[in-house]
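Asker: Take a look at this one; I'll ask things after.
Every read-out reported here was derived from the displayed coordinates using simple, explicitly stated rules and does not represent laboratory data. Bear in mind the structure is a predicted one, so any value in this text is a computation, not a measurement. All Cβ positions, even for glycine, are placed from backbone atoms using ideal geometry, and neighbour counts span all protein chains on display.
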Amino acid sequence: MSEISIVLIEDHDLTRMGLKAALQTDSAVKVIGEAANATKGLKLLESAKPDVAVVDIGLPDMDGVELTRRFRQWQTETGDTTTKILILTMEHSEDTVLAAFAAGADSYYMKDTSIERLTEAIQATYEGNSWIDPAIANVVLQQMRQVFPDNQSVDKPKTVKIDALAPEYEQVLETYPLTQRELEILELIVAGCSNGQIAEKLYITVGTVKTHVRNILNKLCADDRTQAAVRALRSGLVA
């Protein structure tokens, strides 16, 4: 498997150096550039075109949300949509989280999580899946409850592009209904639990959890856990 190319945009030198050193111990990723502010970071992203950009939200000259918005605009204008964006932060307020995703961020990672989880987040983001830190998953799900209130028809979500259950999804569920164990795991996903936490709560292995999660995503025709959670809420599978 080819290496995942990474660009780090982080203004704190020690944090950036520590991230770079830690990531370079993983043979699956390669740091190809770094920047200490948004202006240089934006230019670096446009020239280096990494697979994943790890962007701190609290940059001095322009915050990570605005950098993300401007880079997405550049990608739209040039037609180059290769680079995914993973926001790196200690900030988990609702406004900041939703602003980051509205600007075009693919994933949202809290700095106080382990480096092993960061490489997992990078891998998921590279594969085209939104990785949302369990610490802020409920923020996104709460927004989805507001966007899709019970028994109310809506047109299009304004903040996060996740649709309700379409007829074809309902047909899949009728043909391949969720098992009782899958429903238990789905409820924990909606609650924002990680695979490790789910394994702990249900007394099963992480590998077994991953298998169930994969089956759940397939049955709900979902690309990632958040999309599965939203569809579960909309379909009434989880209250």
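Asker: Hey, what do the phi angles of segment 54-63 turn into as Karplus ³J(HN,Hα) couplings, whole Hz, using 6.51/-1.76/1.60 and θ = phi - 60°, x for Gly and Pro?
Answerer: Using θ = phi - 60°, the values come out as 9, 10, 6, 7, x, 7, x, 8, 6, 6 Hz.
Asker: How large is ³J(HN,Hα), in whole Hz, for each residue of segment 108-125 in order, when computed from phi with the Karplus curve 6.51 cos²θ - 1.76 cosθ + 1.60 and θ = phi - 60°, using x for Gly and Pro?
Answerer: Here the 3J(HN,Hα) series is 9, 10, 7, 4, 7, 8, 5, 5, 5, 5, 5, 5, 5, 5, 4, 4, 4, 5 Hz.
Asker: Debye calculation, C-alpha points only, no solvent: report log10 I(q)/I(0) for segment 4-144 at q = 0.13 Å⁻¹, in the same order as the q values.
Answerer: Results for segment 4-144 at q = 0.13 Å⁻¹ read -0.48.
Asker: Another question, then. Mind checking the full-extension length gain between residue 94 and residue 181? Use 0.36 nm per residue of separation minus the Cα-Cα distance, one decimal, nm.
Answerer: Residue separation times 0.36 nm, minus the Cα-Cα distance, leaves 28.2 nm.
Asker: What is the spin-label model distance, in nm, from residue 116 to residue 200 if the labels are put 7 Å beyond Cα along the C-beta direction?
Answerer: 1.3
Asker: OK, next. Can you list the residues, at least 5 places off or on another chain, whose amide H is less than 5 Å from the amide H of residue 35, using H built in the peptide plane?
Answerer: 8, 9, 10
Asker: Rg and Dmax of segment 16-96, using alpha carbons, in Å: what are they?
Answerer: When restricted to Cα atoms, segment 16-96 yields Rg and Dmax of 12.8, 36 Å.
Asker: What does the C-alpha gyration tensor say about the overall shape of segment 22-61? Classify as rounded when a/c is under 1.5, otherwise prolate if a/b is larger than b/c, or oblate.
Answerer: Oblate shape, in that a/c is at least 1.5 and b/c is the bigger or equal ratio.
Asker: How much length would be gained if the chain were fully extended between residue 208 and residue 37, taking 0.36 nm per residue of separation minus their Cα-Cα distance, in nm to one decimal?
Answerer: Contour length minus the Cα-Cα distance gives 57.4 nm.
Asker: Among the listed pairs 20/201; 20/84; 111/201; 84/201; 20/49, give every one whose C-alpha distance is greater than 22 Å.
Answerer: The answer is 20/201; 111/201; 84/201.
Asker: Just to check I understand the Karplus step: with θ = phi - 60° and J = 6.51 cos²θ - 1.76 cosθ + 1.60, what whole-Hz values come out for segment 211-220, glycine and proline as x?
Answerer: Here the 3J(HN,Hα) series is 5, 5, 4, 4, 5, 5, 4, 5, 5, 8 Hz.
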